[in-house]
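These notes concern the structure reproduced below.
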């Protein structure tokens, strides 16, 4: 799959190593954290060995300080590019290259390329290597961005008649289409999986100015603009995977213009392609729900594949779009269930707190705490102490184990007295909800919600506009906010 890893030093805001262990690699991180910079850095590195154009500017250097060189190290898969291999000190065969970009005395930026160990590269052999990948950056804007309009001189000016010109054009288009028949069929087959009938059409041949159009069925190119933005995005990706050899596809915000169902189909089909490595950024919890946790990489360079196997297994099983939001969030509050989520989300939204509420659906906090800690998220855990399952006075063993874990991970734990409704009652917020409460069957001094009435209690608090600002849970959340 060609590229194994890339490491940056002094390139924009990146200063870490990224491992790409899978065919599909999804990069996550908050806005302005460097996701697009990573894609640009990959393009810059490979443009040095392919000869493709990539303009280097002062702003590409960390803090625009070009007194220190940019260094990019790229490790490749074994047997990928033969001209970029060497034996390390342990006699192991290593594939890869290093790019150094520095400013000359004439204030120009020059690129130096070598093997990872600093040895020279035979440039003539390298540039003739057929295994150098095609690197395509897809911003997923629109398919019409595949071509640009500009001034062109028509060859018809040099022919004897318009009829002769038309005949030459039609013959040329038919011959071109014949030559790439297999690729067109591959493109059409891919589109059929999305329920679409697209074809490839060409502009009228002009010297050095050929264009391609994606059209609906057999209609002509004038109808290409009938295709919606979502399917244009998909077609854009497909076209860039059709070239022979190895392909590295870089997709900035893979979810753009795409309906969740279309995202699901696209990701599934991308994984079936051969000789391809896909590195895509996302802000979408829907995208994260459609990929394996091993395929997610934080912009800090941390791959989620390195979480311990047991917690990873649980996250694979239970991580749905709502809970996937914690991977994208800056600040996370973990709660036990829907009622807590409903009540706290309403309050925090009302007062514009930048915290993401994540419902762990029960008391399985550990995998989510592990994930938040691994990604250095600002995290608060809110949990019942379940004293009624113990002696009615002391927290349960489950809660004590949770408390120990939070201490180990340096995460704030807010203790709820027995259960949510018990705590709210004891603090005077649901005194008027006696019809929704009952005494505990074993401990008469503990009030709990009647069967299936917990959500109704939360809805009552919300619709009655009860101010929870002085509730200890809210106050502890606010204090934690002030600590960051």
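Can you give the relative contact order of the stretch 49-102 as a percent, counting alpha carbon pairs under 8 Å and 6+ residues apart? Mind dumping the intermediate values first?
Working: 58 pairs, mean separation 18.9, N = 54.
Here the relative contact order equals 35 percent.
Starting from the 7 Å offset along Cα-to-Cβ, what nm value, one decimal, do you get for the label separation of residue 313 and residue 467?
5.1
With every atom except the alpha carbons ignored, what do you get for Rg and Dmax of the stretch 307-482, in angstroms?
Final numbers for Rg and Dmax: 16.1, 47 Å.
Test of understanding: extend the Cα→C-beta vector of residue 32 to 7 Å, then name every residue of the stretch 54-70 with backbone N under 16 Å from that spot.
In the stretch 54-70, the label zone of residue 32 (backbone N under 16 Å from the point 7 Å along Cα→Cβ) covers 63-64.
How big is the convex hull of the Cα atoms of the stretch 1-115, per residue, in Å³? Mind dumping the intermediate values first?
Details: hull volume 14.0 nm³, N = 115.
Convex hull of Cα atoms, per residue: 122 Å³.
Estimate the FRET efficiency between residue 479 and residue 181 by the formula 1/(1 + (r/R0)^6), using the beta-carbon distance for r and 51 Å for R0, to the nearest 0.05.
Working: r = 68 Å, r/R0 = 1.33.
Using R0 = 51 Å, I get an efficiency of 0.15.
Can you work out the FRET efficiency for the pair residue 121 and residue 274, with r the C-beta to C-beta distance and R0 = 35 Å, to the nearest 0.05? Display every interim value, and only then the final one.
Details: r = 28 Å, r/R0 = 0.79.
After rounding to 0.05, the efficiency reads 0.80.
Going 7 Å from the Cα of residue 325 along its beta-carbon direction, which residues of the stretch 375-416 have the amide nitrogen within less than 15 Å of the resulting point?
In the stretch 375-416, the label zone of residue 325 (backbone N under 15 Å from the point 7 Å along Cα→Cβ) covers 380.
State the extension gain, in nm to one decimal, for the chain segment bounded by residue 21 and residue 9, taking 0.36 nm per residue of separation less the distance between their alpha-carbons.
Values: separation 12, 0.36 × 12 = 4.32 nm, distance 2.12 nm.
Residue separation times 0.36 nm, minus the Cα-Cα distance, leaves 2.2 nm.
What whole-number distance in Å separates the alpha-carbon centres of the stretch 452-484 and the stretch 369-426?
Answer, in whole Å: 16.
Which of 422, 241, 265, 463 has the fewest other C-beta atoms within 10 Å, and how do the rest follow up to the most? Working shown, then result.
Working: 422 23, 241 20, 265 16, 463 8.
Ordered from fewest to most neighbouring Cβ atoms within 10 Å, 422, 241, 265, 463 come out as 463, 265, 241, 422.
Please list, in order, the residues from the stretch 403-438 whose amide nitrogen is less than 13 Å from a point placed 7 Å along the Cα→Cβ vector of residue 389.
So the set is 403, 418-420.
Describe numerically, in nm with one decimal, the distance between label points set 7 Å from Cα along Cα→Cβ at residue 366 and at residue 197.
Reported label-point gap for residue 366 and residue 197 is 5.6 nm.
What distance in nm lies between label points placed 7 Å from Cα along the C-beta direction at residue 354 and residue 63?
2.3
No value in this document is a laboratory result; all are computed from the given coordinates. Since the structure is predicted, the reported quantities are computational estimates derived from the model, not experimental observations. Positions of Cβ are backbone-derived with ideal geometry, glycine not excepted, and every protein chain shown enters the neighbour counts.
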